[in-house]
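Data block below; observations after.
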Amino acid sequence: MCSLNSRQIGRTTRRALLAFPAGRVLINAGSRVGFAAGILAFVLAGAVSAQHRITGSGDVQAKISYCKDCHGVSAQGFNGYYPIPRLAGQQPEYIENQLRAFIEHRRTNNIMFNVAHSLSPAMINALTAHFASLNPPPIGGAPRQLVATGRKIFEDGMPEVNIAACAACHGPEATGSGQIPRLAGQLYPYMLKTLNNWDKERGRNPTVPDAAAIMSPVAHSLNRSQIEAVAAFVSTLRSPRGTPNTVQ
Amino acid sequence: MTPKRQRRWAFRSSAGAAIGPAAVLALFLASPAAAQGNVSKAEADAKLRYCEVCHGVSAQGFHGYYPIPRLAGQPTEYLKNQLQAFVERRRTSNIMFNVGHVLSPAMIDALTTDFNQLDPKPLGGAPKGNIDEGKKIFEEGVPQANVPACASCHGPAAKGNGPFPRLAGQLYDYVTNKLTNWEKERGQNPAQPDISAVMQPIAHSLTQPQIKAVAAYVSYLE
């Protein structure tokens, strides 16, 4: 049996194949059976190595920079044409769920749909771990006189009007847990938009109900000034240095 | 010094928050008829939905920042006792204190009846490694540590009865936390001893692995 030589494959093809470890297998495969097996191995190896390849640190760094173009140099958020939310210190499971919701159009945002559907699971893991580790100070800028009322609603709820205490699920410092998002330091206008427009943006596929249903009655029950107060309060919250997330 | 106009707006918006339309409606509904023990279905449903924001859409429990317990299938007497304990601060929970102290007796009746009749599947998720040990402790106790069988009060299927809570389907980490922290959270008024004293020596005597085994076992019971 002889290995493939330049009479059976062209020079360019040979060079291309030699660039990949699996390609060398193919080149040395020899018989036709070996060649076919080699093709299969090459294709499979290509698929597997593609997944591993994008966790090379250069690719992750490039993707992080890309996210930060909009979300801020330390993912603290940015007041773009739309308020672009803080991702710093965010719960990894929450970000992952939102990315999936964007892809499946359960959460409506054309820009984020395009961002999300090109991310592999490995890339998502790398990104969410990176964002969770960041802890820049909040952007701030919310009306200060609303913060005290917001704190009361956040910590105690308003049981007389059936508004649950945010702290019960989001934590006493609004750091979130698991699928429940961190709110500490979130942008004031982003919180307003999110709570005011909850049903228009989240849980948009009635045949695939998701966690957005949990917040729907809350967003419904809060009136506009309560939303402003809570949004102002959480936008001021920051985590102590070195502990951007409380690990649950 | 904030300008006069801004200060007036600050007062208005906080007043507006305090006297929202729902509160006005609540005042209207707090007529003599309501005080005597009638609560409208709409009010009771709204309150139930509010409870379910934290306790789960069928009161099956929820992993919030803290594990929030299952209320579905709970005996009404147990729920009433706990609500009273929260309000009297014999059981410490700031959030539940706030929830509890605005509930009228009629509302409590309506809510506890609703919860008792719910029957969702357990939330699940507990580690399964020590369930057999948990079953043994539940059914036989730990005689050498003077721990009676849980079944003797909580029932053979952990469904509870009267003042004894249902444990079947309760969240694993909730049961673990409560048994581990029993003394710190229950019976907090020594001048007003309550039924939580029954569990105190049991919670004290169980080791951590035993607590986790029993908690895992009951968490899967339906």
Legend entry - Within-12-Å neighbourhood charge of residue A:174 [Cβ basis; K, R +1; D, E -1]: +2
Legend entry - Gyration tensor verdict on region A:70-242 (Cα atoms; rounded if a/c is under 1.5, prolate if a/b is larger than b/c, oblate otherwise): oblate
Legend entry - Net charge of neighbours whose Cβ lies under 13 Å from the Cβ of residue B:172, counting Lys and Arg as +1 and Asp and Glu as -1: +3
Inset, instruction - Before anything else, pin down the relative contact order of region A:86-162: Cα pairs under 8 Å, at least 6 apart, normalised by residue count, whole percent. - result: 38 percent
Inset, instruction - Before anything else, pin down the relative contact order of region B:106-222: Cα pairs under 8 Å, at least 6 apart, normalised by residue count, whole percent. - result: 38 percent
Legend entry - Point-to-point label distance, residue A:81-residue B:133, nm (Cα→Cβ direction, 7 Å offset): 6.0 nm
Inset, instruction - Tell me the label-point distance for the pair residue A:59, residue A:100, using the 7 Å Cα-to-Cβ offset, in nm and rounded to one decimal. - result: 2.2 nm
Legend entry - Sites residue B:104 and residue B:146, calculated FRET efficiency, Cβ-Cβ separation with R0 41 Å, nearest 0.05: 0.45
Legend entry - Distant-in-sequence amide H partners of residue B:142 (H built 1.01 Å from N, under 5 Å): B:147
Inset, instruction - Go through region B:122-127 residue by residue and turn each phi into a ³J(HN,Hα) via Karplus (6.51, -1.76, 1.60, θ = phi - 60°); whole Hz please, and just put x for glycine and proline. - result: x, 5, x, x, 6, x
Legend entry - Karplus 3J(HN,Hα) series, Hz, for region A:181-190 with 6.51 cos²θ - 1.76 cosθ + 1.60 (x for Gly, Pro): x, 5, 10, 4, x, 5, 5, 4, x, 5
Inset, instruction - Could I have the simple spin-label model distance between residue A:160 and residue B:157, label points 7 Å from Cα toward Cβ, reported in nm to one decimal? - result: 4.3 nm
Legend entry - Sites residue B:46 and residue A:213, calculated FRET efficiency, Cβ-Cβ separation with R0 22 Å, nearest 0.05: 0.85
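Only the coordinates and a few stated rules stand behind these numbers; no lab work does. Remember, it's a predicted structure, so these values are computed and weren't measured experimentally. Methodologically, a virtual Cβ is constructed for each residue, glycine included, from the backbone with ideal geometry; neighbour enumeration extends over all protein chains shown.
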